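Student: Right, I'll just put the structure down here and ask away after.
Read-outs throughout are calculated quantities, based only on the coordinates presented, and are distinct from any laboratory measurement. As the structure is a computational prediction, the values presented were derived from the model and not from experiment. We place every Cβ from the backbone using ideal geometry, glycine too, and count neighbours over all the protein chains shown.
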Amino acid sequence: MCLCGFLLFAFCTTVIFDIITRTIGHPWLWLQEVTSTLFTYAIFFGAAVATRRNDHLYLTAIAEGLHGRSRIVVEIIIRLVVMGVAISFVYFGYLNFLRGFSSFRMPSLTPIASLYAAIPICGVFVALFTIEQIVNGLRNGFEHSELHEESQPIETLVIKAERP
């Protein structure tokens, strides 16, 4: 999560520096490369973090109304779909990464593979976090914490609020 915050902060900073250097008439051309790299890595790392927090690829609306064994089956199927996407990210992202060594970014002549590396890295993290969700779900159930908070009786909340 901190890495995502850093990448977003660095992205915004490089955009501001790019605007300033262009306004004063002395643009730093390499800054656009840095900005696009930060943006790409922030997007893919953010997708992995959001998957871990269950905020991204949120397909559980179907399963929320279910209980018991049917809920477990649907939750596992949903996570297997996400796992399929993660495996695709790893496989096709790695192929793209390898092809990226034949193309270069201008003006630094850095292989574009440095930009494509974020795709398989994201896939590895999404797969890891999906496995974590399956294991935790099978151990502790797939009920989400916000559902437990909402189901607390109103009287209990009022009593707690009245105590000094």
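Student: Within a 10 angstrom radius of the beta carbon, how do F101, F45 rank from fewest other beta carbons to most?
Tutor: F101, F45
Student: Fewest to most neighbouring Cβ within 10 Å: what's the order for R52, R79, R139, R99?
Tutor: R139, R99, R52, R79
Student: Students often check this: by mean Cβ neighbours within 10 Å, which of 35-44, 116-125 ranks highest, and how do the rest follow?
Tutor: Answer by packing, highest mean first, reads 116-125, 35-44.
Student: For R105, which sequence-distant residues (separation of 5 or more, or a different chain) have an amide H within less than 5 Å of its own amide H, given hydrogens modelled in the peptide plane?
Tutor: Under 5 Å from the amide H of R105 lie the amide H atoms of T110, I112, each far enough along the sequence or on another chain.
Student: Using a Förster radius of 25 Å, what is the FRET efficiency between S88 and I112 based on their Cβ-Cβ separation? Nearest 0.05, please.
Tutor: The formula returns an efficiency of 0.80 here.
Student: Next question, about the same structure. Using the C-alpha gyration tensor of segment 15-94, what are the square roots of 5 times its eigenvalues, in whole angstrom, with the largest one first?
Tutor: The equivalent ellipsoid of segment 15-94 has semi-axes of 42, 15, 6 Å.
Student: Next question. If neighbour count is taken as other Cβ atoms inside 10 Å, put R105, R22 in order from fewest to most.
Tutor: If I rank by nearby Cβ atoms, fewest first, I get R22, R105.
Student: What full-extension length gain, to one decimal in nm, is calculated for I19 and R69 as 0.36 nm per residue of separation minus the Cα-Cα distance?
Tutor: My answer for the length gained is 12.4 nm.
Student: Suppose R0 equals 25 Å. What FRET efficiency, 1/(1 + (r/R0)^6) with r the Cβ-Cβ distance, do L98 and E132 give to the nearest 0.05?
Tutor: Step by step, r from the Cβ atoms, then E = 0.30.
Student: What FRET efficiency do you get for H26 and F6 if R0 is 25 Å and r is their Cβ-Cβ distance, rounded to the nearest 0.05?
Tutor: Computed FRET efficiency for H26 and F6 comes out at 0.40.
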